[in-house]
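**Student:** Shown below is the structure under consideration.
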Protein chains: 2
Amino acid sequence: IKVDHFGFTTDKTFKQRYLLADEHWKKDDGSILFYTGNEGDIVWFCNNTGFMWDVAEELKAMLVFAEHRYYGESLPFGNDSFKDSRYLNYLTSEQALADFAVLIKYLKRTIPGAKNQPVIALGGSYGGMLAAWFRMKYPHMVVGALAASAPIWHFGNLVPCGVFMKIVTEDFRKSGPNCSETIHNSWGAITRLARTGSGLHWLSEALHLCTPLRNSQDVQHLKGWISETWINLAMVDYPYESNFLQPLPAWPIKVVCKYLNNPSLSDAQLLENIFQALNIYYNYSGQARCLNISETTTSNLGTQGWSYQACTEMVMPFCTNGIDDMFEPRSWNFREYSDDCFKQWGVRPRPTWITTVYGGRNISSHSNIVFSNGELDPWSGGGVTKDITDTLVAITIPEGAHHLDLRARNAFDPTTVLLARSLEVRHMKQWIRDFYASQRKKH
Amino acid sequence: IKVDHFGFTTDKTFKQRYLLADEHWKKDDGSILFYTGNEGDIVWFCNNTGFMWDVAEELKAMLVFAEHRYYGESLPFGNDSFKDSRYLNYLTSEQALADFAVLIKYLKRTIPGAKNQPVIALGGSYGGMLAAWFRMKYPHMVVGALAASAPIWHFGNLVPCGVFMKIVTEDFRKSGPNCSETIHNSWGAITRLARTGSGLHWLSEALHLCTPLRNSQDVQHLKGWISETWINLAMVDYPYESNFLQPLPAWPIKVVCKYLNNPSLSDAQLLENIFQALNIYYNYSGQARCLNISETTTSNLGTQGWSYQACTEMVMPFCTNGIDDMFEPRSWNFREYSDDCFKQWGVRPRPTWITTVYGGRNISSHSNIVFSNGELDPWSGGGVTKDITDTLVAITIPEGAHHLDLRARNAFDPTTVLLARSLEVRHMKQWIRDFYASQRKKH
C-alpha cells in the first residue's frame, strides 16, 4: 500500500495487515463484509466484532478486517512512525479510506470469485465513521455501510459540546439511586482533601494509587482519570460480563453505583466509596495491586495515534457545565486545545475540515447507510439517530451501550439489540439483492 | 488556502485566484454558478465560457471562476512551483477539489446572502471532469454539475486507447474529400523526404519552420507537432470564427481540407499542401513569419502543470494503428511513458488510481450530473455519452467540437447546441428548484 495516496513525491509503500475468513463464503451469490478498522489492533477489533461472524453464514459472506494505518502492525514507518510529525503526516482518515479502496481492489483482483461480489463496509465508533464515510466517498466500492455508534456529527458546532457528558451522567443517574449526585459531589471532596499534604497522602492511599499524588497538577490528572473511567463505563455498560476496555461484570454501572448511593457522606467516606467503584472497573479480576492513573483502557487501542488524529482532523468539542452533567464545569477552549496539540505533536488542528470534506449534516444525497446507536452510549449524542432518507436509516437501541450490536450474540442480549441486528441484516440483504439484480440487468 | 489539505505537517498556505461576477445575482432565490477551473489561466477560461454569462440572468446567478492550483497566478510556491517534485507534490485533482470546497465555504461565509443558495459546478474538459468529480465527492457543496466534454472514462482500460484518434480522423474524413487519406499519406512522404540532408532542408523550407530540421529526432518531433495540430483542429472545429487555442476561421477543418484533397500527389507536392493546411491553424492572422514546432496552442494553458499531472494521476492511454485512423501506428507503451515521466519529473504515474478514487464506470449511485459531449470532439470517446440514471444524464451535440456548449451564444451556433444548452438550463433550474423546495421543508 502506498504511504501517500494523494501525492507522488514519495513512492514509499508499507504493509497493511488484514484478516480474512472465508469459511462461510460462497462464490456464487455470496458477499464480502469489510470491517473498516479503527484506532487499534485489528485482531482485537476482530475478536470484539462477533456480529460479523454470527451473520457470515446467512450472508454467505467472506469476512475481511482491515487494519487502519499507524495502528497495530500497520506502521508506515515501523517503530519510527510516531517519532516525528513528518512521519505522522500520512495519518489521516482520507489516507485510511484510500487504503481500504486499494485493498478491496486488490482482494477482488487476486481472490478467484471475489471480483463480482458486493462488498459491505462495517465498523464501530471511529471505524463506524470510516464505514459511513467510505460509502459516501467510494460508493463504487461498497454497496452499503453499517456504521455502528459512529459520532459523525460530533464535529464543529453540529451538536452541543455538552451532549456527551450529559449522556454519561444520565447512565449513572438511571443505574442507581443518588449515583450521579455522589459522583458530582466527589470532585469537591477531592479538591478539599487535596488541600493539605496529609490529605494528598490520604487520597493516594485510599485510592490505592500506584504513584502517590504530589501536587495540584497530579490532582487534576486524577480527576481526569476518574472522569475517563466513568465515561468508559458508560461506553461499555453491556448487559453481560465482558472484556472490551477492561474485564467487567454485567451492567457494570449498576454494580459501580451500589457503592455510590450516598452523596451526603463525609469527604473521606465518599472517596472510600469512589475507590470501591473504580476498583470494579480496574480490578474486577482481582489481580491489580494498585491503580495506575496513567492508564484507563486496553493497550489494544492506539492512544498515541488517536491523540495525533484528535490534534489534526478529529476535533470533537467536549464541555461540561456541572448542571446538566455530574462533572466539574469545563468549557470548550479551542485555543488551549490547539496549543496543547502544537506542544505535543507540532501540528495545529483544523476544526472545520471534517465537515468540509464529509458534509456535516448535509449528507442526504448519499444512500445505503445504516447508522445504529445505543441510547446508553455517550457517543450517540453525536450520532445519526433519525432516518435521513429511505436508505439512510437510523436504528436506536434503548438498552445499548457503545456498538453493542456489533458484539457476538449473547443469551443476555436485550430484545432491542436483537431487533436492531435483524433490521441490519435485512438492510444488508437488500443491498446484496439490489447488487445482484443490477448485475443481471447488465448482462 | 492550505497547500496540503490531506496532511498536517506543513501549515503553509497560498493565494488562490478566483473571479466573481454578481451583476445578475439575486439574494432571494438566486444561485451560484461555480466554474471548476482547469489546467490554465482562469481569466482565459472565464473569457471562453460565455455560456455562464449568457444564463446568469435567467438563473439569477452569481458567477465564480476558481483558478486551479499551479496554474495562472495560483502558484503555491510562486515561481519555484515547478522547480522540484517536492514543490509539485500538492498538484493533484484531490487537492484542487478540496480547494474548491474550501473556497465555496469561504464565499458562503463572507458574502451576505450567499449562505443559503444552491451552488452548481460547471467545467469543460479537465474542468468538466473536476465538476463531475466535485459533485461525486462533495455532493453537500453543489446541488449538481454540468460536465462539458469531460473524458472521465479515458483512464485505465475503460475505453479503447484508439478511440480518440479515430474521432480526429473521422472529423477530417467528413470535412473534405480525401482529406484524411491525404494526411495518412503525408507521414510516409515526410519519412521519404527526410532520408537525405537536402530533403531535410527542403522540408524545413517548404514548411517554413523557424528552426531547420537536423536529424531523425527532429523529424519525429515534427510529426508529433503536425499530429497535435490535427488533434487541436478537431477539438476547436467550431462553426464560427473563434480564438480558443489559436485564431481560426469558421469550421477550420473544412478550410484546412481544401488543401488536402489529393492523396496521390508527389511527396513534395503533398507537403506543400500540408504546409498550406498548417498555415491556416498557425497563421490565420497572417502575422507569423515562420512555424515554430515547439508550440501548438495558446500559452494560457499550463503545459508544464499538465505534463506533471499526466505523469501522476491523469494517465490517459492513447494509441493509433494507422488503419482505423490517419496517423502512424503507435501502441500504448506504459513502461516507456512511465520512464519518460521519471526522467522529466522524478515521479512515476499510477495508472489505476483515478478509477479507484473516482469509480471508473461504476458511478450510478451519484446524482445530478449532466455530461455533455460534442460528437466532433475527440474527447467524447472517453466521455459519458449515454444516460446512466434519471439524474446522470448525457447530452450529445452532433455538430459540436470541444465543449461548444460552454461558449458564448453565437448566430452561427447549430441548432443542436441550442437544444443542448436549453436542456442544460432546464436541469440546472430543476436542481435549484429542488434545493429551495427542500430548504422550505426544513423550516
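**Student:** Quick one: which of A:Cys161, A:Cys210 is open to solvent by 10 Å² or more (accessible area, probe 1.4 Å) and at pLDDT below 95?
**Tutor:** A:Cys210
**Student:** Right, here's the next one. Output yes when any residue across the stretch A:367-376 is in a loop (DSSP other than H, G, I, E, B) and over 30 Å from B:Lys105 (Cα atoms), and no when none is.
**Tutor:** Yes: the stretch A:367-376 contains one or more residues that are in a loop (DSSP other than H, G, I, E, B) and over 30 Å from B:Lys105 (Cα atoms).
**Student:** Can you tell me which residue is least open to solvent (accessible area, probe 1.4 Å) among those in the stretch A:343-352 that are touching a residue at least 60 places away in the same chain (Cβ under 8 Å) and over 19 Å from B:Gln95 (Cα atoms)?
**Tutor:** At the first step, the residues of the stretch A:343-352 found to be touching a residue at least 60 places away in the same chain (Cβ under 8 Å) are A:345-347, A:351-352.
Next cut, over 19 Å from B:Gln95 (Cα atoms) only: A:345-347.
On the way: A:Trp345: 30, A:Gly346: 35, A:Val347: 2 Å².
Selected residue: A:Val347.
**Student:** Could you please find all residues in the stretch A:40-52 being more than 18 Å from A:Arg421 (Cα to Cα) and in contact with a strand residue (DSSP E or B) (Cβ under 6 Å, 6 or more places away or on another chain)?
**Tutor:** A:Gly40, A:Ile42 - these are the residues of the stretch A:40-52 that are more than 18 Å from A:Arg421 (Cα to Cα) and in contact with a strand residue (DSSP E or B) (Cβ under 6 Å, 6 or more places away or on another chain).
**Student:** Another question, then. Going through A:Asn283, A:Asn321, A:Asn243 one at a time, which residue ends up being in contact (Cβ under 8 Å) with a residue 40 or more places away in the chain and open to solvent by 10 Å² or more (accessible area, probe 1.4 Å)?
**Tutor:** On the way: A:Asn283 fails: in contact (Cβ under 8 Å) with a residue 40 or more places away in the chain; A:Asn243 fails: in contact (Cβ under 8 Å) with a residue 40 or more places away in the chain.
Exactly one residue qualifies, and that residue is A:Asn321.
**Student:** Could you list, in sequence order, the residues of the stretch A:396-419 that are surrounded by fewer than 24 Cβ atoms within 10 Å (Cβ to Cβ), under 11 Å from A:Gly374 (Cβ atoms) and in contact with a helix residue (DSSP H, G or I) (Cβ under 6 Å, 6 or more places away or on another chain)? Break it down into steps so the answer makes sense when it comes.
**Tutor:** Narrowing the stretch A:396-419 to residues surrounded by fewer than 24 Cβ atoms within 10 Å (Cβ to Cβ): A:396, A:398-399, A:408-416, A:418-419.
If we keep only those that are under 11 Å from A:Gly374 (Cβ atoms) too, we end up with A:396, A:398-399, A:414, A:416.
Within the stretch A:396-419, A:Pro398, A:Glu399 qualify.
**Student:** Taking only the stretch A:285-317 into account, find how many residues are part of a loop (DSSP other than H, G, I, E, B) and either touching a Ser or Thr at 6+ places or on another chain (Cβ under 9 Å) or modelled with pLDDT under 90 (or both).
**Tutor:** Looking only at that region, the number is 21.
**Student:** Right, something else. Would you mind telling me which numbered condition in (1) open to solvent by 70 Å² or more (accessible area, probe 1.4 Å); (2) under 30 Å from A:Arg407 (Cβ atoms) A:Asp340 fails?
**Tutor:** Tallying (1) open to solvent by 70 Å² or more (accessible area, probe 1.4 Å); (2) under 30 Å from A:Arg407 (Cβ atoms), A:Asp340 fails exactly one: (2).
**Student:** Here's another thing I want to ask about it. Scan the stretch A:272-284 for residues that are outside any loop (DSSP other than H, G, I, E, B) and of a type in the set (Ser, Thr, Tyr) and report the count.
**Tutor:** The total comes to 2.
**Student:** Let me ask something additional. Test A:Asn178 against the criterion of being at positive phi and out of contact with any Ser or Thr (no Cβ under 7 Å at 6 or more places or on another chain), and give yes or no.
**Tutor:** Answer is yes for this residue.
**Student:** Further question on the same structure: Among the numbered criteria (1) in contact with a Lys or Arg (Cβ under 6 Å, 6 or more places away or on another chain); (2) more than 14 Å from chain B (Cβ to nearest Cβ); (3) under 21 Å from A:Thr389 (Cα atoms), which one does A:Ala131 miss?
**Tutor:** With (1) in contact with a Lys or Arg (Cβ under 6 Å, 6 or more places away or on another chain); (2) more than 14 Å from chain B (Cβ to nearest Cβ); (3) under 21 Å from A:Thr389 (Cα atoms) applied to A:Ala131, the lone miss is (1).
**Student:** Next up: Only residues that are among the aliphatic types (A, V, I, L, M) and under 22 Å from the mean Cα position of the chain (by Cα): list them for the stretch B:206-255, please.
**Tutor:** Listed by number, the residues that qualify are B:Ile226, B:Ile231, B:Leu233, B:Ala234, B:Met235, B:Val236, B:Leu245, B:Leu248, B:Ala250, B:Ile253.
**Student:** Shifting gears a bit: Only one of B:Thr355, B:Thr303, B:Thr298 is within 12 Å of chain A (Cβ to nearest Cβ) and open to solvent by 20 Å² or more (accessible area, probe 1.4 Å); which?
**Tutor:** B:Thr355
**Student:** Would you pick out the residues in the stretch A:117-160 that are of a type in the set (Val, Ile, Thr) and over 18 Å from A:Leu406 (Cα atoms)?
**Tutor:** Hits for the stretch A:117-160 are A:Val142, A:Val143, A:Val159.
**Student:** Test each condition in (1) among the small types (Gly, Ala, Ser); (2) in contact with a Phe, Trp or Tyr (Cβ under 7 Å, 6 or more places away or on another chain); (3) part of a loop (DSSP other than H, G, I, E, B) for B:Gly113 and report the one that comes out false.
**Tutor:** (2)
**Student:** Looking at the stretch B:313-339, which of its residues are of a type in the set (Ser, Thr, Tyr) and on the phi > 0 side of the Ramachandran plot?
**Tutor:** Matches in the stretch B:313-339: none.
The values are calculated or read from the model by the stated rules, or taken from the named source; none is laboratory data. Note that the structure is predicted; figures quoted are calculated from it, not measured. FYI the Cβ positions are ideal-geometry reconstructions off the backbone, even for glycines, and counts take in every protein chain you see. When the accessible area is computed, the model is the full protein with side chains, heavy atoms only, and any ligands, DNA or RNA have been set aside. Shrake-Rupley method; radii C 1.70, N 1.55, O 1.52, S 1.80 Å.
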